[in-house]
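Written out below as structure tokens is the structure these notes cover.
The values are calculated or read from the model by the stated rules, or taken from the named source; none is laboratory data. These numbers were taken from a predicted model, which means no experiment stands behind them. Cβ atoms come from the backbone with ideal geometry, glycine included; neighbour counts cover every protein chain shown. Surface areas here come from the heavy atoms of the whole protein model, side chains and all, with no ligands, DNA or RNA. Shrake-Rupley method; radii C 1.70, N 1.55, O 1.52, S 1.80 Å.
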Amino acid sequence: MDILYFAWVRERIGLPKEKIETKAETVSQLVHELRAREERYEVAFSDLSALRVALDQELSDFDAPLTGVREVAFFPPMTGG
Amino acid sequence: MKISVQKEPFDLGAEANAFADGDMSNGAIVTFTGVVRDLAHGDLDVMEIEHYPGMTEKALNKIASEAQERWSLGDVLVIHRHGRLAPGDQIMMVATASPHRKDAFEAAEFLMDYLKSRAPFWKKEFTGKSADWVAAKDEDEVALNRW
């Protein structure tokens, strides 16, 4: 599964994209796994209310299942326009 | 419908003139242009806009298609830049064409409200001293409720 990070999430984790093997069934479980990896992930995911998630390039939420999902992206609330 | 996510500047006049040209059923064309501003401290050097290639185009298409369903529109245009911009630079524009003025104005406002918080762009402001990500505003989220 491809995991993408944008804006300050990318900066805190220190990379824009990585491939991971996971058995996580939901976004929350995936976040739990990532947080347990290293301090920088723990810091980036410490406040989920400050984060948004997209599954295969569609906005989603942290309860969503990961079945069939190929690309997960984490980023702060968007500031377009 | 035309959606463009680009690094290059755009020519507002040329885009506005070419937009919906030749379609005589549109009696109203509204354009909105977003410009890099320096309100906070007067020391902004650069604004960098990051985006999510792929999702950005999908999100903009979805927002523009929804506008076309909700209002009577002859055409919709969205151009949004990314990369490094300076104060005064044009960031983005939307244009709407409609037989009716009200539809053109409302659809343009709808597009802007959704672009702000549902299209994956992030702004970072660089001054001589600092580099800060622009935080989303609660009011941007509230603005969606009226639609």
Taking the options A:Leu30, A:Leu51, A:Leu55, name whichever one is at negative phi and in contact with a Phe, Trp or Tyr (Cβ under 8 Å, 6 or more places away or on another chain). A:Leu51
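Open to solvent by 30 Å² or more (accessible area, probe 1.4 Å), polar (S, T, N, Q) and closer than 15 Å to B:Pro120 by Cβ: is that true of A:Gln57 in this structure?
Judged against the criteria, A:Gln57 is a match.
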Cβ pairs under 7 Å, 6+ apart or interchain, first in segment B:47-69 and more than 10 Å from every other protein chain (Cβ to nearest Cβ) and closer than 10 Å to B:Val5 by Cα, second in a helix (DSSP H, G or I) and open to solvent by 10 Å² or more (accessible area, probe 1.4 Å), ordered by first then second residue, are none
Filtered residues of segment A:34-54 (kept if touching a residue at least 12 places away in the same chain (Cβ under 8 Å) and open to solvent by 70 Å² or more (accessible area, probe 1.4 Å)): A:Arg40, A:Arg52
Quick one: is B:Val36 under 16 Å from B:Glu109 (Cα atoms), crowded, with 17+ Cβ neighbours inside 10 Å and within 14 Å of chain A (Cβ to nearest Cβ)? no
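Which of the helices (runs of 4 or more DSSP H) found entirely inside segment B:43-142 contain at least 1 residues meeting this: closer than 28 Å to A:Pro16 by Cβ, open to solvent by less than 60 Å² (accessible area, probe 1.4 Å) and among the hydrophobic types (A, V, I, L, M, F, W, C)?
Passing ranges, in order: B:55-70, B:101-118.
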Somewhere in segment B:127-134, is a residue closer than 12 Å to A:Thr79 by Cα and within 12 Å of chain A (Cβ to nearest Cβ)? yes
Output the residues belonging to segment B:6-42 that are in a helix (DSSP H, G or I) and free of Cβ contacts under 8 Å to residues at least 60 places away in the same chain. B:Gly13, B:Ala14, B:Asn17, B:Ala18
